[in-house]
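Participant: A single structure is presented below for examination.
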Amino acid sequence: KVWINGQRRFRSLVVVKAAEGDDAGVEDSESRGSQNSEESDERGREFPYIEDRYRAQAFFKAGVRLERSGDARGAADAYKESIRASRFFGKPWQRLASVLPLCFAAPSSKGEHRMQRVRVKCAVLFLAVKHNGTNVQLLQSFGVALGQRGRVDQARAILERGIKTNPIHGPLYNALGCMEMSVGNIERARHVLRAGCKAERSDSYRAPLLSSLANLELEAGSPGDAAAAARSALKLNSRDVFAMQILGIVMMRSARYTEALAWLRRAYKIEPHNVSVLDATAHALWMSGRTELARRTFKEAASLSSCDAQLLHGWSILEFNCRDFTASRFLIRRALKLESANSILWYQLARIERAVCDHAKARAYFKRGVQCNAADWRVLESWSEMEWELGNAALSEKLLQRSFAVRFNAQGEFSILANTLDDRPRAR
């Protein structure tokens, strides 16, 4: 029931698929029951925007139904109609940003497809923020999309703008903290996440902040603080799967595999299709000596998500340690199709070629890893070891010096370097 043109009317908007299935038309049917009174005339003149808002909500609901039925193009058209009716309605902007990339033809590479989706999402959210710059959900989505595209400074500015707009909205702090952690600003990320925990009043939003803080402490090498933050998150939300996963990883790194698997199985019961939980479970099984079960778990996770480069990398390492170099090479090449600029993946591929004594390919892959990330000392050190074994002493020492300069932050740990050079066996 809404007030339209001074009368009380009942409207229903139904999105109807066209015969070709590419376009969506709109069939507008009304059944009107009018009450001619002074009050209705006054209400209609006072709220002229109600009809547009109602149309926007009707198109939005129709778009959600089409999206759930798998019709991405029809859903995108419905969301566009909702936006045309009311540009200040935030929900159709967010839905359009997620569904519109599915309407484009996918490139040959999965990595390129993912970047194309992020670009389209950024374009839609840019227009959304332009029309409604105070909607914190839109600002958060736009900031996260910019971060995924690698525009860290712009993403930081957008998320900080959202925090100034609503300083008690916890998800904004969470998004900013996770982005800072992804680019290596650990102290800044810790400060933001702790500020979010203090500002957020709702337990349902504070629990994800504590889980992200636990993940940060785990990456920073503080397993005790990570476990404490994860347990605090579970007190607020006993079904927090991410907190259970963090506790499982903490126990696994402490060689307490029984407890680790207990936490991870508890998380698996809540979300059996969570790829991250399956990945952590596979690593725990592998480290506890159950290699075959770990391999099956990796396979189950890969069947759920074939676009997870980190999962494929972990599985490749398992096969490498089992001396199955063919399977390991196949998996790492699949991961490189997703993330061709990841130095760790090139490092693993070089290790495989080095193990099968194809040193020319190994050298080329080491070089590619250094081009992707010149600050990755592990690539330089492994490359140096291979050149030493081949008798290229001058190149080996040069690479090792670069590795130590990066690893010890160019602070001149040359005594360690000298001992390392002296202790290595000479090539025959």
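Participant: Grab the Cα-Cα distance for PHE126 and ASP225, subtract it from 0.36 nm times how many residues apart they are, and report the gain in nm with one decimal. Walk me through the numbers on the way to the answer.
Facilitator: Details: separation 99, 0.36 × 99 = 35.64 nm, distance 3.79 nm.
Length gained between PHE126 and ASP225: 31.8 nm.
Participant: Would you kindly give the portion of the calculated P(r) for the stretch 260-378 that falls above 20 Å, as a percent of all Cα pairs? Working shown, then result.
Facilitator: Values: 3150 of 7021 pairs.
The answer is 45 percent, as a whole percent.
Participant: For the stretch 210-326, compute Rh as the Kirkwood radius over C-alpha pairs and then the Stokes-Einstein diffusion coefficient at 25 °C and 0.890 mPa s; write the answer in µm²/s, rounded to an integer.
Facilitator: Stokes-Einstein gives a translational diffusion coefficient of 171 µm²/s.
Participant: Counting only protein heavy atoms, what percent of the accessible surface of the stretch 262-349 is carbon or sulfur at a 1.4 Å probe?
Facilitator: Numbers: 2210 of 4210 Å².
After summing per-atom areas, the C and S share lands at 52 percent.
Participant: Based on the Cβ-Cβ distance from LYS299 to ARG256, what FRET efficiency comes out when R0 is 22 Å, to the nearest 0.05?
Facilitator: Values: r = 26 Å, r/R0 = 1.17.
Here the calculated transfer efficiency is 0.30.
Participant: Taking the mean number of other Cβ atoms within 10 Å as a proxy for protection, how do you rank 232-239, 323-330 from highest to lowest? Please report the intermediate quantities before stating the final value.
Facilitator: On the way: 232-239: 17.0, 323-330: 14.9.
Per-residue mean Cβ counts within 10 Å order the peptides as 232-239, 323-330.
Participant: For ALA195, what is the net charge nearby, where nearby means another residue's Cβ is under 14 Å from its Cβ and Lys, Arg count +1, Asp, Glu -1? Kindly include the intermediate steps, with their values, before the conclusion.
Facilitator: Details: positive: LYS164, ARG188, ARG190, ARG194, LYS198, ARG201, ARG206; negative: GLU160, GLU180, GLU187, GLU200.
Neighbour charge sum, excluding ALA195 itself: +3.
Participant: How about LYS198: which lysines have a C-alpha closer than 26 Å to its C-alpha, ignoring those fewer than 8 places off in the same chain?
Facilitator: LYS164, LYS235
Participant: Further question: How high is the FRET efficiency from LEU102 to GLN401, r the C-beta distance, R0 56 Å, rounded to 0.05?
Facilitator: Values: r = 50 Å, r/R0 = 0.89.
Calculated transfer efficiency: 0.65.
Participant: Of the listed pairs LYS299/LYS337; LYS91/LYS121; LYS80/LYS121, which have alpha-carbon separations greater than 26 Å here?
Facilitator: Numbers: LYS299/LYS337 18 Å; LYS91/LYS121 14 Å; LYS80/LYS121 14 Å.
Going by Cα-Cα distance, every pair falls inside the 26 Å limit.
Participant: Still on this model: How many Å² of accessible area per residue for the stretch 111-158, probe 1.4 Å? Let's see the in-between values first.
Facilitator: Values: 2340 Å² over 48 residues.
Per residue, the stretch 111-158 has 49 Å² of solvent-accessible surface.
Participant: Moving on to the next point. What percentage of the solvent-accessible surface of the stretch 133-228, computed with a 1.4 Å probe over protein heavy atoms, is contributed by carbon and sulfur atoms? Show your work: numbers first, answer last.
Facilitator: Numbers: 2130 of 4330 Å².
Its accessible area is 49 percent carbon and sulfur atoms.
The values are calculated or read from the model by the stated rules, or taken from the named source; none is laboratory data. What you see is a predicted model; the values in this text were computed from it and never measured. With ideal geometry, Cβ positions are generated from the backbone for all residues, glycine too; neighbour counts draw on all protein chains shown. The accessibility values were calculated without ligands, DNA or RNA, using every heavy atom of the protein model including side chains. Shrake-Rupley method; radii C 1.70, N 1.55, O 1.52, S 1.80 Å.
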